[in-house]
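Report on the following structure.
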Amino acid sequence: MSEKLTIAIPKGRIGEELLPVFTRIGLEIEKDFFDEGSRKLEFATNNKGVNVIRVRSFDVATFVAFGAAQIGVAGNDVLEEFDYAEIYSPIDLGIGKCRLSVAELKDLAQNDDPLTWSNVRVATKYPNLTKKYFAKRGVQAECIKLNGAMELAPKLGLCRRIVDLVSSGRTLQENGLVEIEKILDVTSRLIVNRTAFKTRNAEISAWVEKFSA
């Protein structure tokens, strides 16, 4: 096919964990991808019909949903936050493992029980997911949208609690916060644009099978 297949992968830890997977499916990315000084965002591979783009983890789903990329890798936290109908998620790759949790200052947590909450105010970059989670429990959630430095919000009085990704818990600990409730276990999934899956089924199905294997 003349049109190249574009695979969107996230920057950071998930992208790094994805590289051995690429090796196992026989896909090698050009050397500029590994050059920390490079500003390139689109990269060739050893397969002339496949390019890779590297974007922010939150943007992978958007690139795939709107057809700018046909395949991508995104955490189920991102997929649930945006809930794009245009995305098909056939495979859990089992990488990027962490959890989405509620955290608060250590002193507050000593006598706090999430089951007693009737309303909650949190800082998070997952307002949709957070509201849906608490709504199922009958809790009204006011979400303050932040894209980073979440741990500062309780310390500076912006809110009492945050909802954020937790891996080792070290960042919370160093900022005087503790995890009080888990919302979601997170892993990264292979995602596909539904329209592309129909129009380029043989080609994309072949790649899905490689990732699955």
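The values are calculated or read from the model by the stated rules, or taken from the named source; none is laboratory data. Owing to the predicted nature of the structure, the values given are computational and were not obtained by experimental measurement. Here Cβ is always computed from backbone atoms with ideal geometry, including for glycine, and neighbour counts include all displayed protein chains. Just so you know, the surface numbers come from the protein's heavy atoms only, side chains and all, with ligands and any DNA or RNA stripped out. Shrake-Rupley method; radii C 1.70, N 1.55, O 1.52, S 1.80 Å.
Couple of notes before you dig in:
- Per the conditions (1) within 24 Å of E42 (Cβ to Cβ); (2) touching a residue at least 24 places away in the same chain (Cβ under 8 Å), the sole criterion not satisfied by R99 is (1).
- Residue list for the range 135-152, filter: touching a Phe, Trp or Tyr at 6+ places or on another chain (Cβ under 6 Å) and surrounded by fewer than 10 Cβ atoms within 10 Å (Cβ to Cβ): none
- Those strands (runs of 3 or more DSSP E) of the range 38-103 in which 2 or more residues are surrounded by fewer than 19 Cβ atoms within 10 Å (Cβ to Cβ) and not hydroxyl-bearing (S, T, Y) occupy 42-44, 50-55, 87-92.
- Residue check, G15 exposed (fewer than 14 other Cβ atoms within 10 Å of the Cβ), touching a residue at least 12 places away in the same chain (Cβ under 8 Å), under 15 Å from the mean Cα position of the chain (by Cα) and under 22 Å from D185 (Cβ atoms): no
- Of D112, D107, all but one fail to be part of a helix (DSSP H, G or I) and among the acidic types (D, E); the exception is D107.
- Restricting the first member to the range 134-148 and to residues that are over 15 Å from R160 (Cα atoms), and the second to residues that are of a type in the set (F, W, Y) and open to solvent by less than 60 Å² (accessible area, probe 1.4 Å), the beta-carbon pairs closer than 6 Å and six or more apart or on different chains are V139/W117.
- Residues that are more than 15 Å from D83 (Cα to Cα) and either touching a helix residue (DSSP H, G or I) at 6+ places or on another chain (Cβ under 7 Å) or in a helix (DSSP H, G or I) (or both) within the range 115-133 comprise L115, T116, V120, V122, A123, T124, listed in sequence order.
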